[in-house]
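I have placed the structure first, in the form of structure tokens, so that the comments after it can refer back to it.
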Amino acid sequence: MSMRGLTETSKAGLLRRGRTARAGWLVLGLMLVAIGIVGIFVPLLPTTSLMVLAMPCFARSSPRLEAWLLDHPRFGPGVRAWRAEGAVPRHAKIAACIGMAAGFGLFWLHVRPGALLTCAGAGFMLFWAVWIVRRPEPGVSQ
């Protein structure tokens, strides 16, 4: 479906929504994008994940911002891959796993948690690392 067709379909649905609901979704989407932009400069803050979370907000509030995010040269490919296939590029999988390992290492070094908290944190990170690694890659059929 073309971006124009997507936008026209979205506009019809938006007319049925209340103004307050659209404004709420718009504010939430803009906040997620703002935090995502901060993530460009702050290590371990997942920029693309925040853009993916902003997509449904813009789909419910602003077809123009939804199209902007889908067509963005930096964020668009990852957002489109997630939307179409639930896919995560290999480089993003590697970066996510390295980031989680580094975050856990810093937590362990600075907090010095007990054995129970260490195991719980490691298990939590391991669960999400496995989940991310098992996501399909864009354009690769399963």
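The values are calculated or read from the model by the stated rules, or taken from the named source; none is laboratory data. Please read these numbers as outputs of a predicted model, since none were measured by experiment. No Cβ is skipped: glycine too gets one built from the backbone with ideal geometry, and neighbour counts run over all protein chains shown. Surface areas here come from the heavy atoms of the whole protein model, side chains and all, with no ligands, DNA or RNA. Shrake-Rupley method; radii C 1.70, N 1.55, O 1.52, S 1.80 Å.
Tabulated data for the structure shown
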read-out	value
Size-normalised alpha-carbon gyration radius of the stretch 48-142, reference 2.2 N^0.38 Å	1.33
Equivalent ellipsoid semi-axes - Cα gyration tensor, the stretch 74-130, angstrom	30, 12, 7
Calculated from backbone phi, Karplus (6.51, -1.76, 1.60) coupling profile of the stretch 61-73 in Hz, x at Gly/Pro	10, 8, x, 5, 6, 4, 5, 4, 5, 5, 8, 5, x
Surface accessible to a 1.4 Å probe, per residue, for the residues of the chain, Å²	66
Cα-projected label distance for F127 with W108, points at 7 Å along beta-carbon direction, nm	1.9
Listed residues M55, M31, M100 arranged by accessible area, highest first, probe 1.4 Å	M31, M100, M55
Euclidean distance of C-alpha centroids, the stretch 33-75 and the stretch 111-133, integer Å	27
Coordinate range along principal axes, alpha carbons of the stretch 28-101, Å, largest first	37, 25, 18
Share of carbon and sulfur in the accessible heavy-atom surface of the chain [1.4 Å probe, %]	69
Separation of the A21 and L116 label points, Cα + 7 Å toward Cβ, nm	4.4
Whole-Hz ³J(HN,Hα) from phi, Karplus 6.51 cos²θ - 1.76 cosθ + 1.60, for the stretch 102-116, glycine and proline x	5, x, 5, x, 5, 4, 5, 5, 8, 8, 6, x, x, 4, 5
FRET efficiency, 1/(1 + (r/R0)^6) with R0 35 Å, evaluated for E137 and H72 via beta carbons	0.95
Probe 1.4 Å - accessible area at V130, Å² to nearest ten	70
Accessible surface ranking that places the most exposed of S49, S61 first, with a 1.4 angstrom probe	S49, S61
